[in-house]
Amino acid sequence: MQQKNGTLEDLRAEIDQIDDALQDLLIRRAAVTRAIAKVKQPEAGADGVPLAAALRPAREALILRRLLSRHQGELAPHLIVGIWREIIAASLRAQANFQAHVYAGEGEAAYVGVARAYFGSAAPIRTHSKASLVVHACAEQTNALGVVPLPEPEEPGASWWAQLAPAGERGPRVIAKLPIVADGEETPAAYVIGTIEQEPTGDDTTLLLLEISAGMSRTRLQSLLREAGLAARFAAAGRTSEKGVPDEILLELKGFVGKDDKRLATLAEAAGDAIARVGLIGGFANPVMVRAAKESK
């Protein structure tokens with residue numbers, strides 16, 4: 001059987017050479033990962049380097065964006081992401097031990113697959129029936145990561161996302177949004193949470209938690225946000241029936257917003273008693289749109 005650029009045997013031999021080269025590069029990459037771990041060794045304990053020192057979601061996002069921007073050929077973008085997520089996850093496990101906690105409510109097993117795609121096929125995973133239980137598990141274990149579903153627009157009672165730790169404080173907060181590539185497939189969207197501080201990537205979303213008086217309208221809230229210079233999108237609301245207890249509002253802010261950003265103080269000052277709490281509870285590098293990835297080549 002003759003092929004355009006050689007015999008079948010020639011092409012198979014070329015594939016073998018490519019496979020050998022790929023393996024050599026993976027071995028080389030693993031060696032560099034070990035060197036990075038040694039640089040961080042002063043921070044290491046019995047379980048390796050602390051997760052907060054080993055895991056850099058912003059750095060990972062930049063790696064994947066760079067690879068997708070230069071990608072060409074027949075391999076779909078989500079396959080490229082899947083390959084590199086396995087590599088990145090293996091590098092993380094070489095530096096730090098971690099436990100993954102994943103929401104898997106009744107009929108919601110798909111989130112386990114989402115977690116595997118992000119943490120790697122060899123990651124230890126424990127499932128929980130409620131998102132709040134994932135948050136609690138991550139709060140109790142410093143070297144823990146979690147996967148939870150995106151909040152419902154309206155949630156009665158206490159909201160699990162209101163239990164996340166503000167920036168700069170001990171405890172889990174949102175560190176990534178899944179899937180990393182938005183390719184139109186029916187993959188459930190989720191947040192990754194962990195005790196990691198958000199870092200800017202140049203294309204980010206920051207999550208802002210507000211506790212507002214029950215009488216404040218969304219129109220008034222949007223006006224206050226605009227006056228403070230914050231571009232925000234409503235993400236979820238948690239309401240209680242208790243008198244005098246403020247409503248909880250979750251907003252997605254455009255771009256990276258740090259805890260010392262003066263706009264937050266401006267918002268709190270302008271709102272007065274109408275806003276009881278202003279807190280950043282993490283954020284994420286925005287997922288890559290497949291079309292944007294192709295057009296940027």
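Values for this structure:
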{"read-out": "Inter-label distance, nm, simple model (7 Å from Cα along the C-beta direction), Glu197/Glu108", "value": "3.1"}
{"read-out": "Listed residues Leu11, Leu62, Leu209, most fluctuating in the chain (Gaussian network, C-alpha, under 10 Å)", "value": "Leu11"}
{"read-out": "Among the listed pairs Lys177/Lys254; Lys177/Lys259; Lys38/Lys177, those beyond 22 Å (Cα-Cα)", "value": "Lys38/Lys177"}
{"read-out": "Kirkwood hydrodynamic radius of the range 131-214, from inverse mean 1/r over distinct Cα pairs, in Å", "value": "14.0"}
{"read-out": "Label-point separation, Arg126 to Met289 (7 Å along Cα→Cβ), nm", "value": "4.0"}
{"read-out": "Rounded to 5, the percent of DSSP beta bridges in the chain classed as antiparallel", "value": "70"}
{"read-out": "Cβ-Cβ FRET estimate between Leu11 and Leu79, R0 fixed at 22 Å, reported to 0.05", "value": "0.55"}
{"read-out": "FRET E, pair Arg70, Glu211, Förster distance 45 Å, beta-carbon r, rounded to 0.05", "value": "0.50"}
{"read-out": "Note, ³J(HN,Hα) from phi for the range 215-231, Karplus 6.51, -1.76, 1.60, rounded to Hz, x at Gly and Pro", "value": "x, 7, 7, 5, 4, 5, 4, 4, 5, 5, 5, 5, 4, 7, x, 10, 7"}
{"read-out": "Segment Arg29-Arg277, length gained on full extension (0.36 nm per residue, minus Cα span)", "value": "84.8 nm"}
{"read-out": "Calculated from backbone phi, Karplus (6.51, -1.76, 1.60) coupling profile of the range 275-290 in Hz, x at Gly/Pro", "value": "10, 8, 8, 10, x, 8, 10, x, x, 7, 6, 4, x, 7, 7, 4"}
{"read-out": "Ala265 versus Leu150: modelled label distance in nm, points set 7 Å from Cα along the beta carbon direction", "value": "3.4"}
{"read-out": "The chain, helix-only ellipticity at 222 nm - DSSP H runs n ≥ 4, -39,500 (n - 2.57), divided by all residues, nearest 500", "value": "-12500 deg cm²/dmol"}
{"read-out": "Largest-first principal axis extents, alpha carbons of the range 165-218, Å", "value": "40, 29, 21"}
{"read-out": "Top of Ala139, Ala237, Ala265 by mean-square fluctuation, Gaussian network on the chain, Cα under 10 Å", "value": "Ala265"}
{"read-out": "Highest-fluctuation residue, Gly146, Gly255, Gly202 considered, GNM on the chain with Cα pairs under 10 Å", "value": "Gly202"}
{"read-out": "Cα-centre dipole for the chain with unit charges at Cβ (Lys and Arg positive, Asp and Glu negative), debye to 20", "value": "600"}
{"read-out": "10 Å binning of all Cα-Cα separations within the chain, expressed as whole percents from 0 upward", "value": "6, 24, 31, 22, 10, 4, 2, 1, 0"}
{"read-out": "Stretch gain in nm, segment Ala52-Asn97, where the contour uses 0.36 nm per residue and the Cα spacing is subtracted", "value": "15.1 nm"}
{"read-out": "Sites Glu227 and Ile63 - FRET efficiency at Förster radius 30 Å, r taken between beta-carbons, to 0.05", "value": "0.20"}
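Read-outs: derived from the displayed coordinates by stated rules, not from any lab. Bear in mind that the values here come from a model prediction, so they are computed numbers and not experimental data. A quick note on method: Cβ atoms are made from the backbone with ideal geometry, for glycine too, and the neighbour counts reach across all protein chains shown.
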